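J.: Just passing along the structure, written as structure tokens.
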Amino acid sequence: MQILDGKTLSVTLQREMNEQVDKWLAQGKRAPHLAAIIVGSNPASKVYVGHKIKACERVGISSSLIEEPDDISEEALIASIEKLNQDPAIDGFIIQLPLPRHIDPQKIIMAVDPSKDVDGFHPSNMGKMALGLDTFIPATPYGIMLMLERYRITTSGKKVVVVGRSNIVGTPMSILLSRNHPFGNATVTLTHSRTQALKQHLLDADIIVAAIGRAKFITEDMVKPETIIIDVGINRIQDASRKSGFRLVGDVDFDAVSEKCSFITPVPGGVGPLTVAALLKNTLKAYEQNTSV
Ligand code: NDP
């Protein structure tokens, strides 16, 4: 079994991006600029945005954090987005999810200028992705594709089972892996909470992508030997031995499944760091398009 080390790969990708940014600066160009809007005080969201801003610093990308209160109205949030849409100094921006219940995430996503939509969630970018056109790919699936590419994991002709069909992970992942592309061409089954006999599907898979949000949901008996496991899940479980009182685990029962599979992403240290690297790659892409470098 080999660990798919997202943490180390993310450092490599960030170093490569930093070299690119340094080249632009040496040519007298400005640095790329990523902004993030965070609504409310969700502790996990603050941690994720913090990771993104730290990574920007390492790469040489300027960043701005816009903090909005929990009770902000949809109109006021859209006005905040509009400001970023209009600001020529901002190349791309994200709105950290989840949003408070009174705000419709679809309306918010629709308000983002697609040319600055570095999360790749706008229907225009999702549509382009589905058609195989050049666009911003949602960060988590993009990070997974970068991992498959760098580890030279062949997907062509393989049977992939994606568990979870969210708009930000499962659905785009299933599209990317089934595209006619060097790291696509897989035969993909997209499964969800209504799927019957999930275990049978999983036992038939060469590659499993788990994006469910349920701790250790996929157990050793659901996986055939030599399967490649991509665990997207981030779940908190109680752990009295930790100062925080909890630790993070994936959707896959790592200890048991790692004995059986050929490759596996750990949680933490697998898909998460690559999501950040992919977001920054999208930011550089937006910068290149906006400044025609
Ligand atoms: P969502 O809650 O949006 O989607 C979960 C999906 O899992 C749904 O499609 C749901 O099916 C499916 N599901 C739930 N229960 C079952 C079941 N018993 N059998 C099969 N499918 C099931 O989650 P996200 O996609 O946003 O996130 C998934 C996980 O990934 C979370 O732990 C999240 O924290 C993590 N995540 C990690 C990221 C990273 O960077 N590493 C980035 C984004 C998310 P249905 O549609 O029928 O309800």
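The values are calculated or read from the model by the stated rules, or taken from the named source; none is laboratory data. Note that the structure is predicted; figures quoted are calculated from it, not measured. Every residue, glycine as well, gets a Cβ built from its backbone with ideal geometry; the counts of neighbours run over all protein chains shown.
J.: Considering only segment 105-135, how many residues are in contact with a Pro (Cβ under 8 Å, 6 or more places away or on another chain) and not in a helix (DSSP H, G or I)?
T.: Qualifying residue count for the region: 4.
J.: Please determine, by comparing only the residues of segment 182-226 that are among the polar types (S, T, N, Q) and in contact with a strand residue (DSSP E or B) (Cβ under 6 Å, 6 or more places away or on another chain), which one is farthest from the ligand (Cβ to nearest atom). Don't jump to the end; show me each part of the working.
T.: Applying the first criterion (among the polar types (S, T, N, Q)) to segment 182-226 yields 185, 187, 189, 191, 193, 195-196, 200, 219.
From what's left, in contact with a strand residue (DSSP E or B) (Cβ under 6 Å, 6 or more places away or on another chain): 187, 189, 191.
Details: T187: 19, T189: 12, T191: 6 Å.
Only one residue fits best here, namely T187.
J.: Residues being within 30 Å of L148 (Cβ to Cβ), more than 9 Å from the ligand (Cβ to nearest atom) and surrounded by 13 or more Cβ atoms within 10 Å (Cβ to Cβ): count how many of those fall in segment 227-243.
T.: 5
J.: Condition check: touching a Leu at 6+ places or on another chain (Cβ under 8 Å) and modelled with pLDDT of 95 or more. Does V169 satisfy that?
T.: On the way: touching a Leu at 6+ places or on another chain (Cβ under 8 Å): no; modelled with pLDDT of 95 or more: yes.
So V169 does not fit the description; no.
J.: Output the qualifying pairs, or none if there are none: Cβ atoms under 8 angstrom, residues six or more apart or on different chains, first residue in segment 265-289 and small (G, A, S), second residue more than 16 Å from the ligand (Cβ to nearest atom).
T.: A277/M17; A286/P32; A286/D91; A286/G92; A286/S115; A286/K116
J.: Might you let me know whether segment 168-176 holds any residue that is in a loop (DSSP other than H, G, I, E, B), more than 15 Å from the ligand (Cβ to nearest atom) and under 22 Å from D5 (Cα atoms)?
T.: No, segment 168-176 has no match at all.
J.: While we're looking at this one, here's another question. Hey, among the residues in segment 45-64 that are touching a residue at least 60 places away in the same chain (Cβ under 8 Å) and either in a helix (DSSP H, G or I) or hydroxyl-bearing (S, T, Y) (or both), which one's nearest to A89 (Cα to Cα)?
T.: Among those that are touching a residue at least 60 places away in the same chain (Cβ under 8 Å) and either in a helix (DSSP H, G or I) or hydroxyl-bearing (S, T, Y) (or both), it is C56.
J.: Return only the number of the condition from (1) at positive phi; (2) surrounded by 15 or more Cβ atoms within 10 Å (Cβ to Cβ) that N42 does not satisfy.
T.: (1)
J.: Further question: Considering only residues that are touching a Ser or Thr at 6+ places or on another chain (Cβ under 9 Å), within 15 Å of V232 (Cα to Cα) and of a type in the set (G, A, S), which ones fall in segment 153-188?
T.: Scanning segment 153-188 gives G164, G170, S174.
J.: To continue, here is another question. I want to confirm something. Restricting to segment 130-161 and keeping residues that are within 16 Å of the ligand (Cβ to nearest atom) and over 16 Å from T275 (Cβ atoms), which single residue is surrounded by the fewest Cβ atoms within 10 Å (Cβ to Cβ)?
T.: Here the residue is V160.
J.: What are the residues in segment 260-282 that are more than 25 Å from R247 (Cβ to Cβ) and away from the ligand (no atom under 16 Å from the Cβ), if any?
T.: Once the filter is applied, which keeps residues that are more than 25 Å from R247 (Cβ to Cβ) and away from the ligand (no atom under 16 Å from the Cβ), segment 260-282 yields only S262.
J.: Confirm whether T195 is surrounded by fewer than 19 Cβ atoms within 10 Å (Cβ to Cβ), within 21 Å of the chain's Cα centre (by Cα) and over 29 Å from G92 (Cβ atoms).
T.: Values: surrounded by fewer than 19 Cβ atoms within 10 Å (Cβ to Cβ): yes; within 21 Å of the chain's Cα centre (by Cα): no; over 29 Å from G92 (Cβ atoms): yes.
Considered against the rule, which asks whether it is surrounded by fewer than 19 Cβ atoms within 10 Å (Cβ to Cβ), within 21 Å of the chain's Cα centre (by Cα) and over 29 Å from G92 (Cβ atoms), T195 comes out as no.
J.: Take P123 and tell me if it is over 23 Å from S10 (Cα atoms), surrounded by fewer than 20 Cβ atoms within 10 Å (Cβ to Cβ), touching a Gly at 6+ places or on another chain (Cβ under 9 Å) and of a type outside the set (K, R).
T.: Against the criterion (over 23 Å from S10 (Cα atoms), surrounded by fewer than 20 Cβ atoms within 10 Å (Cβ to Cβ), touching a Gly at 6+ places or on another chain (Cβ under 9 Å) and of a type outside the set (K, R)), P123 does not qualify.
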